[in-house]
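Below: one structure, written as C-alpha cells.
Values in this text are rule-based calculations from the coordinates and carry no lab data. Predicted model, so just to flag it, every value in this text is computed and none were measured. Heads up, the Cβs are rebuilt from the backbone with ideal geometry, glycines too, and the neighbour counts pull from every protein chain shown.
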Amino acid sequence: MQQDLQKAIAIAKAQMGTYAVFAASTQDPAARAMFDGMAQDMDRHVKVLESRLQYLNQNNQLNQRQQQKQNQQEARAQEQMEPPQ
C-alpha cells in the first residue's frame, strides 16, 4: 500500500508541475485560471495522499510487524557475522 501511495504522490506532483507550466505558458487568461485551479487541485491531492502515507507508516500494525520482523532478521544476520568470543 505504501508503495502505491508513493507512486500516486510522485504522479500527482508531476502533474501539478505540468499544470503550472501550462498556466505560465498560455496567453489566455481563462486557460491560465483553469490550469492554476487544476494545479491547486493536485496540490490538495498530494497533501491527502501524503497524510494517508504518514498515517500508515505510523499506525499500520501490519507495517509495524513487518518492520519488527525485518529488525529481527537484521539482528540475527549481524550476530552471525560477529566472530565467536
note = In degrees, nearest 10, the alpha-carbon axis of helix 61-81 is tilted away from the dominant principal axis of the alpha carbons of the chain by 50
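What is the gain in length, in nm to one decimal, between LYS7 and GLN54 on full extension, counting 0.36 nm per residue of separation less the C-alpha to C-alpha distance? The partial results should precede the final answer.
Details: separation 47, 0.36 × 47 = 16.92 nm, distance 1.42 nm.
Additional length available on full extension: 15.5 nm.
Just how large is the dipole of segment 1-57 about the Cα centre, in debye to the nearest 20, putting +1 at every Lys and Arg Cβ and -1 at every Asp and Glu Cβ?
Working: 6 positive and 6 negative charges, 29 e Å.
In debye, rounded to 20, segment 1-57 gives about 140.
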request  = Mind pulling the angle between the C-alpha long axis of helix 29-59 and the longest principal axis of the chain? Nearest 10 degrees, somewhere in 0 to 90.
outcome  = 20
ask   = lysines within cross-link reach of LYS69: Cα-Cα under 27 Å, excluding same-chain residues under 8 positions apart?
value = LYS7
note = Rounded to the nearest whole number, the Stokes-Einstein translational diffusion coefficient of the chain at 10 °C and 1.306 mPa s (Kirkwood radius, C-alpha pairs) in µm²/s is 100
ask   = If you take the charge dipole of the chain about its Cα centre, with +1 on Lys and Arg Cβ and -1 on Asp and Glu Cβ, which of VAL48, ALA24, ILE11 is farthest toward its positive end?
value = VAL48
ask   = Does anyone have the angle between helix 2-25 and the longest principal axis of the chain? Alpha-carbon axes, 0 to 90°, nearest 10?
value = 20
